[in-house]
Amino acid sequence: MLDKLSQMKDQAIKEISLAENIQILDEVAQKYFGRKDGALNTILKGLKDLDPDARKDVGGLANQIKLELEAAVEATRATLMKRDVESRLESDWLDVTLPVERRRGHLHPLSIIQYELEDLFQNLGFKILNGPELESDYYNFEALNIPKHHPARDMQDTFYVDNPHNPDKWVMRTHTSNVQVRAMKEFGAPLRAVVPGRVFRYEATDASHDTTFYQLEGFMIGEDISIANLVAVMKTMLSGLFNRDVKVRLRPGYFPFVEPGFELDMQCLICSGKGCSVCKRVGWVEMLGCGLIHPNVLEAGSLDPRKHSGFAFGLGLTRFVMMRYGIEDIRHLNSGDLRFLNQF
Ligand code: FA5
């Protein structure tokens, strides 16, 4: 039995020293120390058949061999790991002169156009203002000459929210026009301002209508402000934004807060007026509403309509973005789909 143990040790030492990698070394260790059928354990299992003296000798030698073999395995493992690291360092070299790749985010197309319009209007002397998205019924409707139960409320159905401070409801603003009277009260006249922002409507969605979209409101108030000023500013804006000749048409439009009121349509840039899903096959896309500010609205803003006049417009910023980039469905813009967004 003692001879058998010595022979096994020599064989194990030979195999450990020949292991070329850690996987082979582990296999050798398993072969000799494995609990179930490891060679050392198989020998030790036979101890019970020996007489007590022989059992003592064989048991002592077996334990000593076990310690020696374990030490040999660990020493070889350390050598193999060191060799592994060194060869990896040699092959995986690092070129410190290569430029670092930084994955950068970028602006959403809506923000790009919003900032361009802000620049354009700032150059014309307009302030940039903000307003609340959750608005009182008063600023969204009543101050704009749309009393409760007036049929014009049906033109812009929205989401109503209980207001714990007031029996009136709050509304998710239906348009950026909610800032008109707020701004008049805060800044008085003369006043030139634009208000970009998100608005909400309760309506069915299709290629050109969403329930959440962006508008840009603008107004200019002073003495003797006329439709001529309105048309000049609209033309400056459109030629600045599209950087090409765009065809527009004015139609009479009804908005209770302007008099007279107009709808401005632009010839569809997606189909060049031929008709597509965005322009609903008519070749024109409604871009904005505009007109001269109604005297009741000026009064709500604490201005005197006999002294002051002004124009206002509210454009569908989201539709501008669609025209500018040739986007055929408005729903892409709020989709958060990176396949769409990464094109900008
Ligand atoms: C208004 O919201 C008025 N506040 C505009 C205004 C301001 C008129 C100042 C006069 C003076 P209207 O509901 O038409 O008007 O919306 C204005 C623009 O928003 C439309 O011309 C259109 O471009 C865009 N728009 C309207 N509804 C949607 C919708 N569901 N999805 C995307 N864009 C829309």
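When the Cα positions of Leu94, Pro52, Gly38 are compared along the charge dipole of the range 11-103, Pro52 comes out farthest toward the positive end, with charges on each C-beta of Lys, Arg, Asp and Glu.
I want the local charge near Ile65. Using Cβ-Cβ distances under 13 Å, sum +1 for each Lys or Arg and -1 for each Asp or Glu among the other residues.
Values: positive: Lys4, Lys9, Lys66; negative: Asp3, Asp10, Asp57, Glu68, Glu70.
After counting each charged neighbour, the total is -2.
Using the Cβ-Cβ distance between Leu50 and Leu98 with R0 set to 56 Å, the FRET efficiency from 1/(1 + (r/R0)^6) comes to roughly 0.25.
Expressed in nm², what is the orientationally averaged projection area of the convex hull enclosing the Cα positions of the range 102-251? Don't jump to the answer; show the numbers that get you there.
Numbers: hull surface 51.6 nm².
Average of the hull's projected areas for the range 102-251 equals 12.9 nm².
How high is the FRET efficiency between Arg339 and Val85 when r is their beta carbon distance and R₀ equals 41 Å, given to the nearest 0.05?
On the way: r = 42 Å, r/R0 = 1.02.
With a Förster radius of 41 Å, E is 0.50.
Counting only C-alpha contacts under 8 Å and six or more residues apart, can you give the relative contact order of the range 109-341 as a whole percent? Answer for the range 109-341 is 22 percent. Each peptide in 174-183, 144-153 was scored by the mean count of other Cβ atoms within 10 Å over its residues; highest first, the order is 174-183, 144-153. Using a Gaussian network for the chain with springs between C-alpha atoms less than 10 Å apart, which of these wobbles most: Ser302, Ser277, Ser87? Its mean-square fluctuation being the largest, the pick is Ser87. What the chain shows is 57 Å² of accessible area per residue, with the surface traced by a 1.4 Å probe over protein heavy atoms. Within the listed set Gly240, Gly314, Gly291, the residue fluctuating most in the Gaussian network model of the chain (springs between alpha-carbon atoms under 10 angstrom) is Gly240.
Calculate what fraction, in whole %, of the accessible area of the range 2-91 sits on carbon and sulfur atoms when a 1.4 Å probe is rolled over the protein chains. List each step's numbers first, then the result.
Numbers: 3390 of 6340 Å².
Carbon-and-sulfur percentage of accessible area, whole number: 53.
Computing FRET efficiency as 1/(1 + (r/R0)^6) for Val248 and Ser302, where r is the C-beta to C-beta distance and R0 is 25 Å, gives about 0.15. For the chain, the alpha carbon positions stretch 124, 51, 40 Å along the principal axes, listed from largest to smallest.
Would you list the membrane-span-like helices of the chain, meaning whole DSSP H runs whose alpha-carbon atoms span at least 18 Å along their axis and whose mean Kyte-Doolittle value is at least -0.5?
Values: long enough: 2-18 (24 Å, -0.39); 52-91 (58 Å, -0.53); 109-123 (21 Å, -0.10); 227-242 (22 Å, 1.57).
Within the chain the helices that satisfy the rule are 2-18, 109-123, 227-242.
The values are calculated or read from the model by the stated rules, or taken from the named source; none is laboratory data. Since the structure is predicted, the reported quantities are computational estimates derived from the model, not experimental observations. Counting neighbours? That spans all protein chains shown, and the Cβs are built from the backbone with ideal geometry, glycine included. When the accessible area is computed, the model is the full protein with side chains, heavy atoms only, and any ligands, DNA or RNA have been set aside. Shrake-Rupley method; radii C 1.70, N 1.55, O 1.52, S 1.80 Å.
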